[in-house]
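To start, the structure under review is shown below, and the notes come after it.
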Amino acid sequence: VDAFQAWCGPCKPVVDLFRKIRNEVGSDLLHFAVAEVDSIDALAKYRGKSEPVFLFYAGGELVATIRGLNAPLLQKTILEQL
C-alpha cells in the first residue's frame, strides 16, 4: 500500500516498478493499492510527513514498512515477502 497525503499525492515513480514486479511474479500473488492517510483514521500516524510510506501486508497483518523512495529496497522487500 502506498500511503500518501492528499497534498503530495501517491508516489508515481514507483508505479512502473510495481508493474514490472507484478508482471514477473504473476498477478495472483501480488496486489498494490494506494491509501490517502488524511481520510483513513487507522493510518493517522503516517500524516504530516513529506516522504512516501509503503506498507506491506500479508494475511491481513502489517509485515513491513518502508519510508522514503528506495526502489532497490522496495523490490527486495516485495520479493522477500512473497
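The values are calculated or read from the model by the stated rules, or taken from the named source; none is laboratory data. Since we're looking at a predicted model, the values are computed, not measured. Positions of Cβ are backbone-derived with ideal geometry, glycine not excepted, and every protein chain shown enters the neighbour counts. Surface areas here come from the heavy atoms of the whole protein model, side chains and all, with no ligands, DNA or RNA. Shrake-Rupley method; radii C 1.70, N 1.55, O 1.52, S 1.80 Å.
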Q: Work out the charge dipole of the chain with +1 on the Cβ of Lys and Arg and -1 on the Cβ of Asp and Glu about the Cα centre, then indicate which of 43, 68, 5 is farthest towards its positive end.
A: 68
Q: Rounded to the nearest 500, what is the 222 nm mean residue ellipticity of the chain from helices alone, with -39500 (n - 2.57) per DSSP H run of 4+ residues and division by all residues?
A: -8500 deg cm²/dmol
Q: Might you tell me the accessible area per residue for region 2-70, computed with a 1.4 Å probe and given in Å²?
A: 63 Å²
Q: Amide H neighbours of residue 57 under 5 Å, at least 5 residues apart or on other chains, H built in the peptide plane: list them.
A: 63
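What does the charge dipole of the chain about its Cα centre add up to, to the nearest 20 debye, if the Cβ of each Lys and Arg holds +1 and the Cβ of each Asp and Glu holds -1?
220 debye
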Q. Using a cut-off of 25 Å between alpha-carbon atoms, which lysines can reach residue 20, once sequence neighbours fewer than 8 places away in the same chain are excluded?
A. 12, 76
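Give me the number: length gained by fully extending residue 32 to residue 65, i.e. 0.36 nm times residue separation minus the C-alpha to C-alpha distance, one decimal in nm.
10.5 nm
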Q.
Given contacts defined as C-alpha pairs under 8 Å and at least six residues apart, what's the relative contact order of region 2-70, whole-number percent?
A. 35 percent
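Arrange the peptides 74-80, 15-21 so that the one whose residues have, on average, the most other Cβ atoms within 10 Å appears first. Please report the intermediate quantities before stating the final value.
Details: 74-80: 15.4, 15-21: 13.9.
Result, highest mean first: 74-80, 15-21.
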Q.
Please enumerate, by chain and number, the aspartates and glutamates with C-alpha under 13 Å from the C-alpha of residue 45, excluding those fewer than 8 residues away in the same chain.
A. 36
Q) With each pseudo-label sitting 7 Å past Cα toward Cβ, what's the residue 42-residue 73 distance in nm, one decimal? A) 2.5 nm
Q) Once fully extended, how much extra length lies between residue 16 and residue 55, figured as 0.36 nm per residue of separation less the alpha-carbon to alpha-carbon distance? A) 12.3 nm
Q. So, counting K/R as plus one and D/E as minus one, what does the shell of residues with Cβ under 14 Å around residue 78 add up to?
A. 0
Q: May I ask you to give the percent of accessible area on the chain that is carbon plus sulfur, with a probe radius of 1.4 Å?
A: 52 percent
Q. When the Karplus curve 6.51 cos²θ - 1.76 cosθ + 1.60 is applied with θ = phi - 60°, which whole-Hz ³J(HN,Hα) does each residue of region 31-38 get, with x for Gly and Pro?
A. 10, 10, 8, 10, 9, 7, 5, 5
Q | Around residue 9: net Lys/Arg minus Asp/Glu count, Cβ-Cβ under 15 Å | A | -1
